Structures are given as C-alpha cells and as structure tokens.
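A quick write-up on the structure given underneath.
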Amino acid sequence: MPEAVETPRPAWPPDWPCAHGGPLVAGDYRASPEDFIVEECLDFAPEGHGEHLWLWLEKRDLSTVELARRLARACEVTPRDIGYSGMKDRIAVTRQWLSVHLPGREAPDDLDVRLGDTPVCVLAHARHPRKLKRGVHRRNRFQLRLSGPIVTHPELEARWQRLVEAGVPNYFGPQRFGVDGHNLTRACGILARGWRKRDDRQGLMLSTARSYLFNELLASRIRAGDWSTPLAGDVVMLDGTQSHFVVDSDAGLPGDASPGDASSDDSSPIARAARLDLHPAGPLWGVGQREANAEPADYERRLANDNAMLCSALERSGVRLARRALRTRLVEPRLERIGETLELHFELPRGAFATAVLRELIAHPTL
C-alpha cells in the first residue's frame, strides 16, 4: 500500500469468483434496522448477586458506545462504570448485555425513559460480582434479510451451500474502516507521523491498520487458492477458539495426499481443515517472532514489503503480534424464503463479521 491511501475501500476478492469465475449478483440488505438482527451469546449467566447490575438490552439504530453513554447518564455514574463485551452494529436491532456498577442501589425505576428517544428496551437484569469485560462473549447470532435480484437468482443456494460447507473468508468488514474508508485514511496519517497514545486513546487506529493488513494477506491467499488449506509452516487455529499451533513439514502439503502419507490421515491438519475443525491463521501485525523459512512467511514478507510504512510503524508502536483465522465457520446456518425476501440465520465467533458473509453472496456498494 502506498504511504497515502488512494483507495479507501480496496477491492478484496471474494472466494466464489476466484474459484468458479461467476460474478456476484446485486442484492440489498439493511434497508431498515429490522433487516439486520444481532444477538450476543455468552456461555455463562450472571450469578444473581454482586455490585454490578447486568442489563440485557435491545437497541435499534443506535451504537453500543452511545448506548453506554446513555446508560451512564441514566444511572448517574461515570462511563468507566459501564461494561460491555462487544461493539454491535448501529443500523440494526441488537441484543446484548451491559453492566453498570451500582453498589448498594438499584437502577432508576424509569430507566427505559431515561435511555432516550431511540428505542431501547430492558429485556432482563441480574446482579453479578464483576464488571462485564470486553471480548468475553463467544458468538453472535444473526438474522439477516436480503432483497433484490439475488432473491430469485438460480446460483444463490449454491453460493450459500458453499459457504456452509467450505467456510467464509474471515475479512474484517467495511465498518472497521469507517465511512468511505475514513478510519483507514486517518490511521495511515497517524502512523506515518509516529503513533502516540494521545492521538489514539482507544487503539482504534492501530486496529484499523492491522485489519487492513490482515485483509490484504487474506486477499493474496484467496487469489493463490490456498487460503483455506494449511501450508507447511502455517499457524493454524482451532475452530471457535484462539488456540493455535504451527504445521510442520511432516503434516503433508496440499495435493500431495497418497495412501499412507500424513495428508491422507484423518487427524492431519489438512483433513481437519477440510471438515472445518481448524483454519489457517494470518497475522495481526505487530512485534513478535514469525516463521523464517516457510511458504506462509513469504506471504508475510511480501505484505511487509508492499506496506513498509504501516508495518514498521505498527512495530514501533509496540503492539504485539497476534493471529486471526483466515476462515470462519457458519454455526447453525439456515436459509429461508419469505415472500420476496430471503432470511439468513447463522452464528459467528466473536470478532467475525456478518458483512464478510454477505460479500460472498451479493454485490452491494457498501460491501
């Protein structure tokens, strides 16, 4: 990428056209917030006692940050007394837990009214000893409604079935980069000058730059056709977790399977990847050790050469190298036809984007 971003929304390729040559078909989504329903899934419940009041809230056309601000004002506490696990879409109907530190007192009786004119509904509440921390939820459940030419297109169900069976490229969605790529442009400016905490207190610009680099590497592997199959030297991540390990050369290479070799073993990384049990992982750029002599390292070296300013600036910032799966699996997927629309139902692990699923199915200017 050049020092200045000339293309705020790069044309990262979906998997389907690269594999099959078929163009994406026009479709619409999120015509109203009710077309994009998101529900946060925790794998535990509040304990029923403690200083923190946890609230199960439904919001419409409102960001999580603004909801947290309103909750702090309504309960007469500071913003740092509010906790939430994940950021949910604004143009959507979303349900998620937020916590508020209220030792020895209850929330106001008129909390629904105090939360403002934008519809917010308190669905449930319970006490818990601890504040809700970022990133503790395991999955998000989606219900998305599509309309337009895609609804009657004969290839739609085949595209959907491919995603169900082969997984979805785990791109960061366009919302990470801001309207018209504004966050990416700003991130490049801040990093080119030298990252400082005071210019990026929440780390959003670091996250934006790392997301861009991850998408670039994923795009290069999609073009090469090896984004979903482990290579020797790949870091692979167990499905739905952050657990990972490195594939060594004894695991076999794609296309080399023969009776008795490692790649034909049902427990080999290649076999496990084929059944979506694990996925190759790419870097979230930062300071840390990388593989030196393997094909995946060549991808990372080319990424660093093509994006020298961003990579070196991220390393100077001190952010640590992390890994993210190149692919994600749809959990409990279902497609339904309702009148002249389609409804998609699925769950994704924390950090995966529903818009990454949609960009494999439809052509839409925001994707």
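All of the numbers you see were taken from the coordinates with simple rules; none came from a lab. Since we're looking at a predicted model, the values are computed, not measured. Cβ atoms come from the backbone with ideal geometry, glycine included; neighbour counts cover every protein chain shown.
Given springs between every Cα pair under 10 Å in a Gaussian network model of the chain, which of Ala325, Ala68, Ala158 has the largest fluctuation?
Ala158
Rounded to the nearest 500, what is the 222 nm mean residue ellipticity of the chain from helices alone, with -39500 (n - 2.57) per DSSP H run of 4+ residues and division by all residues?
Rounded to the nearest 500, it is -8000 deg cm²/dmol.
Quick one: Cα centre-to-centre distance for region 213-232 and region 118-196, in angstrom?
20 Å
Roughly what would the spin-label model give for Ala31 and Glu51, points 7 Å off Cα along C-beta, in nm?
Spacing of the two 7 Å Cα→Cβ label points: 5.0 nm.
Mind checking which of Ala352, Ala192, Ala219 has the largest fluctuation in a GNM of the chain, springs on alpha carbons under 10 Å?
So, out of Ala352, Ala192, Ala219, the one fluctuating most is Ala192.
To the nearest 0.05, what FRET efficiency results for Asp199 and Asp265 with a Förster distance of 41 Å applied to their C-beta separation?
0.20
Compute a Gaussian network model of the chain, connecting alpha carbons closer than 10 Å, and tell me which residue from Pro79, Pro280, Pro269 fluctuates the most.
Pro79
List Val120, Val77 from most exposed to least, where exposure is judged by having the fewest other Cβ atoms within 10 Å.
Taking fewest neighbouring Cβ atoms as first place, the list is Val77, Val120.
Sort Arg320, Arg127 by Cβ crowding within 10 Å, fewest neighbours at the top.
Result, fewest neighbours first: Arg320, Arg127.
Name the residues of region 80-102 whose amide N is less than 18 Å from a point 7 angstrom out from the Cα of Val331 along the C-beta direction?
Label zone hits: 85-89, 95-97.
Between Val287 and Asp109, what length in nm is gained on full extension when 0.36 nm per residue of separation is reduced by their alpha carbon distance?
Computed gain between Val287 and Asp109 is 59.2 nm.
Using DSSP to define loop residues, name the trypsin sites (Lys or Arg not before Pro) in region 138-204 whose beta-carbon has at most 12 other beta-carbon atoms within 10 Å.
Arg196, Arg201
Tell me, what is the percent relative contact order of region 1-154, built from C-alpha pairs under 8 Å that lie six or more residues apart?
Once normalised by length, the contact order is 38 percent.
Between Asp43 and Ser63, 0.36 nm times their residue separation minus their Cα-Cα distance comes to what?
4.9 nm
Please report, in whole Å³, the volume per residue of the convex hull around the C-alpha atoms of region 44-128.
Given the Cα convex hull of region 44-128, per-residue volume reads 84 Å³.
Arrange the following residues from fewest to most other Cβ atoms within 10 Å of their Cβ: Glu340, Glu155.
Final ranking by Cβ density, sparse to dense: Glu340, Glu155.
At 7 Å along Cα-to-Cβ for each site, give me the label-to-label distance between Glu157 and Val122 in nm.
Placing both labels 7 Å along Cα→Cβ, they lie 4.7 nm apart.
Along each of its three principal axes, how wide is the spread of alpha-carbon positions in the chain, in whole angstrom units, largest first?
Largest to smallest, the principal-axis extents are 68, 53, 43 Å.
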